[in-house]
Structure formats: C-alpha cells, structure tokens
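First up is the structure itself, then whatever we jot down about it.
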Amino acid sequence: MQVRLAAGRADGKVPGVDSSKTIVPWVIKEPEVKINFVRALALGLGIVGFGSAVRADELISTPVESASFTLSDLVQKSAAQKSKGDKAKADASCDNKGAGKMKFDWGANTSLTIGAGLRTSYNAVEGGSVNGGTAQDFTLNNGRIYLNGQGHERIGFEFNTDIDNAQGFNLDGTDEGASVRVLDLIAKFQLTDHISLWTGRFLPPSDRSNLDGPFYLNAWNFPWVQFGYPNIFQGRDDGAALFGQYGEGAFKWQVGAFEGDHNGSAFRVGNADTDNLMLTGRLTLNLLDPEPGYYNASTYYGEKEILAVGVAFMHRHNALEDADTAGLFQDSTSWSIDGLFERPLNNGGVMTVEGAYYDNDDHNGVDDDDNEVLIATGRPRTGDGYFILGSYLFPNAMNVMSLEGKLQFMTRYMEYNSASFTSGQDNQTDFQLNYIMQGHNARISAVWSVYDSHDGTENTDTFTLGTQLQF
C-alpha cells in the first residue's frame with residue numbers, strides 16, 4: 001500500500017515547486033505504517049492507563065466523607081452542564097424573525113414541583129355534646145396536594161386541592177373529608193420583570209390573614225373576624241388579578257376582578273339580576289425586610305425582620321337588593337388594614353406583634369331570600385371587628401421524643417361587633433403554645449380558647465391539640 005502526502009491549495013498546485021518538473025511522491029511502506037500505528041496505539045493506551053491509575057489512587061486515598069462530597073459535586077456539575085446544553089438547544093431552536101421575535105418553546109423552562117400539606121387536630125369543646133357535656137372529636141382540618149409548573153420562562157400554573165370539609169366548613173354538611181375538591185387553579189403570566197397576571201381560582205387581593213392561609217398563620221385557628229369577603233371555598237374565588245412588586249417585595253400592589261357570589265358555601269349572596277363583578281385590591285409596604293411574591297406569612301420565625309403595613313378593599317356595585325325598596329339595589333363594600341412587626345432579639349428569641357381591623361357594609365342590602373347577609377360563622381356581615389396578637393419564640397432548642405424544636409408562646413384577642421347587635425360584641429381569647437420543629441413545615445400547637453357571645457348566652461372553652469406538616 002502506498003500513501004501519497006502533499007500539501008496543496010485550491011488550484012491543485014504545490015507551493016514552492018516547479019510544476020513543469022515531475023513530483024516524486026513521498027512513499028511510506030506498509031510495514032512502517034503498521035509499526036507506527038501500533039506504537040501510537042500503545043502510547044495512547046499507556047497515557048490513559050496512567051491517568052486512570054492516578055485517579056484511582058486519589059479516590060482510594062480520599063476519605064469516605066470527602067468522596068461523598070466529590071460525588072455530589074460531580075452530579076451538580078453534570079446537572080449544570082445538562083442545563084447549559086438544554087439552554088443551548090433551546091437557543092438554537094429559536095426562530096428569529098426580526099428584532100424581538102422568537103419562536104415559542106416550551107421545552108427549555110419546563111418544570112413541575114409536587115408537595116403536600118396536612119393539618120389534623122383533637123378538639124374538646126365544653127358543653128358541646130348533646131347532653132351538655134364536653135364534646136371530643138378528632139378533625140381533619142386540611143389535606144392538601146400542591147402542584148406548581150413552569151412551561152415557559154414567563155408562563156406557569158398552580159393547581160392545589162383540599163378536602164371538602166376543610167377547617168370544618170362543608171358544602172352540604174354530610175362530607176367528613178372523604179372527597180377532594182379544587183382549591184386553586186391558576187394560570188400565571190409574567191408580563192414584565194415587575195408585573196404579573198393571574199387568572200383562574202385563587203385568593204383575591206385581600207388582608208394578610210387571607211393571603212397567609214391556615215398553614216402560614218402564627219395562630220392555629222383562622223381569625224373569624226376576617227370572614228366578610230365573599231368566596232367560593234377557603235377564601236378562593238374565580239377571577240383575574242394583576243400584581244406588581246418593587247424592591248424584591250418592599251412595595252407590592254394587587255388589583256383584581258372576581259365573581260363575588262358566595263359566602264364560602266354553596267349559597268349565593270349576590271344578586272343574580274345585576275351580576276356585577278367584585279373588585280378587590282391591596283397595597284403592602286415593607287419598611288424592613290421585603291416579602292416577595294403574591295402570598296405572605298404572619299411569622300418568619302426569625303428569618304426576617306419585618307415591619308409591614310397593608311390595606312385592602314372589596315367593592316361590588318349593586319350587589320344586593322335593598323331591604324325596604326323593591327327594585328333598588330345596594331353596593332357591598334369591605335375594607336381592612338393590617339400590620340405586622342417581627343424582630344429577632346439579641347438572645348436568639350423572636351418577638352412578633354400583629355393586628356388587623358375589618359369593616360364590612362352592605363348598605364341595608366339583603367340576599368336573594370330577603371335575609372341579612374351572613375358570614376360563614378352565621379354572624380351578620382355588616383359590622384366591624386379586629387384582632388391583636390403577640391408571640392415570643394424562645395431561643396433555646398430542645399428535644400421532645402428525639403425531635404428538635406423550639407417553644408413559642410402566643411396569645412390573641414378577637415372582637416366583632418355587628419350592626420344588628422343591640423348590645424355587646426362577640427369576642428374570643430386564645431392562649432397557644434407551639435413546638436416549632438421546622439417553621440411552617442412541622443409544628444405542633446396546643447390552644448386554649450375562651451369565646452363569649454355578644455348577648456351573654458354563650459360562654460365556651462375549647463382545647464385544641466393540632467399537628468401541621470408540609471412536604
């Protein structure tokens with residue numbers, strides 16, 4: 001076999017050589033080629049073998065702990081390289097058709113997160129049984145499944161479920177947590193770096209407690225003085241909202257339009273003849289650490305230093321028929337103001353103070369059955385109420401049954417005065433001891449509540465032992 005080697009160019013001539021003369025080719029005999037190939041192969045294998053031996057020696061001489069971190073680093077590096085590769089593929093698939101135009105691609109930013117949350121409790125209610133004794137029950141307060149997805153850099157969704165009788169509020173009074181229903185179903189659009197649009201079923205812009213939900217309150221029991229907002233289930237309603245945030249959540253605004261037809265049950269509270277939408281809004285100002293995102297919490301267990309003030313409103317034009325004049329319609333209006341102060345102390349403890357005031361006015365309007373509109377607790381909605389709360393998270397960790405955590409003491413006072421009450425107010429005082437194992441994801445609460453009705457006919461003590469977990 002002969003191999004001809006020559007350096008050439010496009011015109012076929014060899015530089016520096018007289019083309020009129022015969023070119024003598026360089027000839028390499030076949031045996032020499034075989035010998036050189038074998039030598040090259042042997043040299044390559046030797047280099048690879050030497051490198052492997054050195055790497056093996058490093059791994060053998062590396063302690064187990066270090067090796068585990070090296071493996072983690074390799075996995076992270078591999079994931080990072082894959083992410084870069086996926087991004088490069090996505091960029092390569094973009095069809096640029098002029099400035100600012102790009103092919104829509106779901107693949108590069110697709111993600112899905114799955115979670116779950118449960119709250120269950122034992123409750124002993126003084127005088128709650130049929131014979132006047134103490135009623136004792138175990139309750140499934142919440143059983144939620146969380147799904148959050150991202151399909152595009154600026155488009156995502158949220159889908160959450162809960163048990164039908166969550167927190168004791170049934171639709172038909174017969175379900176004991178056996179069925180599951182839609183809690184949230186949201187299409188999310190990131191319009192700009194600061195402004196987003198949500199549409200579907202979710203929490204309307206409202207007060208801090210409502211945007212906490214039961215899992216991110218400081219207290220175990222939801223404040224019933226808040227129950228003036230119309231909602232389909234667990235504070236949710238069908239509609240759309242725009243919200244923006246600046247300074248990573250130092251200042252936030254939220255506005256929305258929703259159905260506003262229900263009071264947390266299957267019964268309508270709006271007037272079907274007008275069918276106007278309910279308008280809602282909220283402004284939040286954080287003077288210390290910011291609270292980014294649509295939702296918030298009522299304690300961060302010392303992870304943030306918070307001084308926040310929020311105001312919210314709800315209005316529905318011609319929502320109700322006038323109680324005295326047929327054919328005349330009245331508006332339904334609610335507004336609230338809330339504040340939160342939380343500060344980690346020098347000794348490692350955390351002090352929290354929270355308060356809110358609510359005002360609801362149906363302007364002499366009545367529901368479709370010509371009755372005064374009631375909130376979920378059976379109280380007339382027109383009226384005002386407030387709560388004030390204080391808590392202290394102790395600095396020292398402890399172990400209970402091999403579970404490390406910290407104790408937190410909390411107390412809260414709530415009061416509601418309905419416009420139809422001839423005297424007095426409904427009020428409740430809570431004393432609560434929490435064992436905080438992992439913030440809002442793992443805690444146990446013991447609560448003693450004392451409730452007094454406005455007319456003095458009811459004075460009820462309740463003991464609750466609750467467990468909350470999120471994954």
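The values are calculated or read from the model by the stated rules, or taken from the named source; none is laboratory data. If you're wondering where the values come from, they're calculated on a predicted model, not measured in any experiment. Backbone-built Cβ (ideal geometry, glycine too); neighbour counts: all protein chains shown.
So, Thr299, is that one within 17 Å of Pro205 (Cα to Cα), surrounded by 17 or more Cβ atoms within 10 Å (Cβ to Cβ), under 26 Å from the mean Cα position of the chain (by Cα) and in the same structural domain as Gln245 (by TED's automatic domain parsing) or not?
Criteria not met by Thr299.
What number goes with the only condition from (1) charged (D, E, K, R); (2) surrounded by 15 or more Cβ atoms within 10 Å (Cβ to Cβ); (3) without any contact (Cβ under 8 Å) to a residue 60 or more places away in the chain that Asp367 does not pass?
The failed condition is (3).
Give me a count of the residues in region 201-219 that are touching a Lys or Arg at 6+ places or on another chain (Cβ under 9 Å) and within 20 Å of Glu259 (Cβ to Cβ).
Matching residues across region 201-219 total 8.
When you scan region 276-292, how many residues do you find that are part of a loop (DSSP other than H, G, I, E, B) and modelled with pLDDT of 95 or more?
Number of matching residues: 6.
Within the bounds of region 237-255, is there any residue that is on the phi < 0 side of the Ramachandran plot, assigned to a helix (DSSP H, G or I) and modelled with pLDDT of 95 or more?
Checked against the condition, which is being on the phi < 0 side of the Ramachandran plot, assigned to a helix (DSSP H, G or I) and modelled with pLDDT of 95 or more, region 237-255 yields no hits at all.
Only one of these is of a type outside the set (A, V, I, L, M), in contact with a helix residue (DSSP H, G or I) (Cβ under 7 Å, 6 or more places away or on another chain) and surrounded by fewer than 24 Cβ atoms within 10 Å (Cβ to Cβ): Phe251, Phe222. Name it.
None of the other options fit; the residue is Phe222.
Going by what's in this entry, would Gly128 be described as assigned by TED's automatic domain parsing to the domain that holds Ser449 and assigned to a strand (DSSP E or B)?
Considered against the rule, which asks whether it is assigned by TED's automatic domain parsing to the domain that holds Ser449 and assigned to a strand (DSSP E or B), Gly128 comes out as no.
Do you know which of the residues in region 112-144 that are within 19 Å of the chain's Cα centre (by Cα) and exposed (fewer than 15 other Cβ atoms within 10 Å of the Cβ) is modelled with the lowest pLDDT?
Filtering first and then ranking leaves Leu112.
Please list, ordered by first then second residue, the pairs with beta carbon atoms under 7 Å, 6 or more apart or interchain, first in region 215-229 and closer than 21 Å to Ile444 by Cβ, second among the acidic types (Asp, Glu).
Asn218/Glu354; Ala219/Asp430; Asn221/Asp430
Taking Gly383 as the residue in question, decide whether it is crowded, with 21+ Cβ neighbours inside 10 Å and on the phi > 0 side of the Ramachandran plot.
Spelling it out, Gly383 is indeed crowded, with 21+ Cβ neighbours inside 10 Å and on the phi > 0 side of the Ramachandran plot.
Under the condition of being surrounded by fewer than 14 Cβ atoms within 10 Å (Cβ to Cβ) and among the hydrophobic types (A, V, I, L, M, F, W, C), which residue from region 315-352 is farthest from Asn218 (Cα to Cα)?
Residue satisfying both the conditions and the ranking: Ala326.
Give, as residue ranges, the strands (runs of 3 or more DSSP E) completely inside region 378-470 that count at least 2 residues that are within 19 Å of Arg119 (Cα to Cα) and in the same structural domain as Ser332 (by TED's automatic domain parsing).
403-418, 426-436, 442-452, 459-470
For region 435-450, what are the residues that are on the phi < 0 side of the Ramachandran plot and touching a residue at least 40 places away in the same chain (Cβ under 8 Å)?
Ile436, His440, Ser445, Val447, Ser449
So Tyr357 passes all but one of these: (1) part of a loop (DSSP other than H, G, I, E, B); (2) of a type outside the set (D, E, K, R); (3) farther than 15 Å from Asn263 by Cα. Which condition number does it fail?
Evaluating Tyr357 over (1) part of a loop (DSSP other than H, G, I, E, B); (2) of a type outside the set (D, E, K, R); (3) farther than 15 Å from Asn263 by Cα leaves (1) as the failure.
Residues checked against (1) in contact with a Leu (Cβ under 9 Å, 6 or more places away or on another chain); (2) farther than 19 Å from Pro204 by Cα:
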site	(1), (2)
Trp224	no, no
Gly247	no, yes
Trp253	yes, no
Thr280	no, no
Ile306	yes, yes
Val309	yes, no
Gln330	yes, yes
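Which residue is farthest from Phe227 (Cα to Cα), if the candidates are limited to region 400-457 and must be exposed (fewer than 13 other Cβ atoms within 10 Å of the Cβ) and of a type in the set (Asp, Glu)?
The extreme case among them is Glu404.
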